[in-house]
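The values are calculated or read from the model by the stated rules, or taken from the named source; none is laboratory data. Predicted model only: the values in this text are computed from it and were never measured. All Cβ positions, glycine included, derive from the backbone under ideal geometry; neighbour counts span all protein chains shown.
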Amino acid sequence: MSNHRLQRFGEALNIIWMITVKDIIDALKNRVVISMVIFLSIILLVPKLLPYVFNQTKAVIPIYGADGSQLAVKLKAAPGISLQFVSSEQELALALCGAVYPEIGLRLPADHDLGSSATSPVEFQGYACWSRRYQVTRLQPKIEAAFSQALGQPVSIHLKGNFLYPPSDGSLLYSLATVNAVLMILMMGNFLVPSLLFEEKETRTMQALLVSPASIGQVVVGKALAGSFYILVTGVVIFAISWAEVTHWGMVILFVVGGGVFSVAMGLLMGSFFDRQQDMGGWMLALLLFLVGAVLVKMLGIQLPALAESLLPWVPSVALAEICYASYSEAVPSALVFTNMGIILAVSAPLYALVIWKVRRSDR
């Protein structure tokens with residue numbers, strides 16, 4: 001009996017595998033899919049290219065502490081440098097992690113003696129955003145030289161291990177990176193997965209699948225795995241471009257898995273309830289605008305009525321965004337992450353059930 005069950009299980013896996021491989025190959029032939037991957041990659045690359053497109057005339061250095069001191073006044077005279085005084089460490093982290101250009105932040109000592117020997121080095125505690133840890137090393141010697149000229153003494157900036165992370169209440173650059181990542185995952189699932197079903201309907205192969213040894217569940221699983229493969233490819237593209245910003249790769253894995261589960265569920269649902277892509281287009285656009293709009297509202301901290309504010313965390317795209325932003329943060333609140341994954345799975349499960357019900361009805 002156990003051998004028979006094992007054999008049936010192996011046959012089921014083989015059927016699912018064949019459906020998955022067929023759909024992956026069919027999607028490769030679809031120019032829309034390739035164009036979408038290229039287009040979405042360009043969206044992510046544009047912010048990375050801004051520092052190379054627009055030349056920075058002066059290096060902006062956020063300064064924390066002793067802004068009215070004689071030391072601060074002398075540092076203002078440093079050539080090629082503009083000082084930005086901040087009043088707290090949180091503002092310092094926001095200035096460093098929210099900037100387009102790589103910057104170094106400084107904490108000024110309150111008790112520095114300007115009358116000390118001109119040959120003795122002035123030591124500053126320096127800070128850099130985690131994502132710029134490889135870039136600021138090229139900027140450090142230039143800043144030290146400019147400050148040395150302004151003070152008339154050698155200057156040394158200690159950066160090793162002094163990394164700051166995006167504030168928990170949101171940094172514009174990281175918020176936009178999160179929105180882009182969620183948008184890419186949702187678009188891939190919502191446009192690719194329905195096209196797999198539409199192609200089956202147009203070529204009349206869906207009926208052949210349903211009368212074949214493949215069960216309805218196996219057909220749905222095969223389509224879902226094919227869509228998940230391209231979600232994985234999309235995730236690789238996203239974080240290959242923004243790998244330096246990532247502090248927790250475990251959150252990246254959860255984000256890609258959760259995004260795949262939800263976006264594939266939506267894609268399957270749309271593909272099973274509509275017969276033509278033209279009929280689905282308007283509904284899909286409206287749904288994407290709602291999901292991405294909810295993420296923008298959350299990331300930008302836009303005030304909403306109390307009822308909408310209480311419902312916002314239950315939107316799956318917002319839960320995805322929370323997990324994605326956690327991958328860039330210093331600390332990860334595990335309770336919040338598990339809650340967000342629970343929301344994604346709880347919303348996705350009935351969507352898959354609806355897909356199986358609809359496909360089963362189409363077999364009658």
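How many of the residues making up segment 305-342 are outside any loop (DSSP other than H, G, I, E, B), of a type in the set (A, V, I, L, M) and under 18 Å from the mean Cα position of the chain (by Cα)? Residues in segment 305-342 being outside any loop (DSSP other than H, G, I, E, B), of a type in the set (A, V, I, L, M) and under 18 Å from the mean Cα position of the chain (by Cα): 9 in total.
The combined condition, being surrounded by fewer than 18 Cβ atoms within 10 Å (Cβ to Cβ), in contact (Cβ under 8 Å) with a residue 24 or more places away in the chain and assigned to a helix (DSSP H, G or I), is fulfilled by L287.
Confirm whether Y52 is at pLDDT 75 or above and among the hydroxyl-bearing types (S, T, Y). So Y52 fails the test. In segment 60-172, counting only helices (runs of 4 or more DSSP H) that sit wholly within it, the ones holding 3 or more residues that are at pLDDT 80 or above span 89-97, 136-151.
Being part of a helix (DSSP H, G or I) and crowded, with 21+ Cβ neighbours inside 10 Å holds for only one residue in V237, V257, V261, and it is V261.
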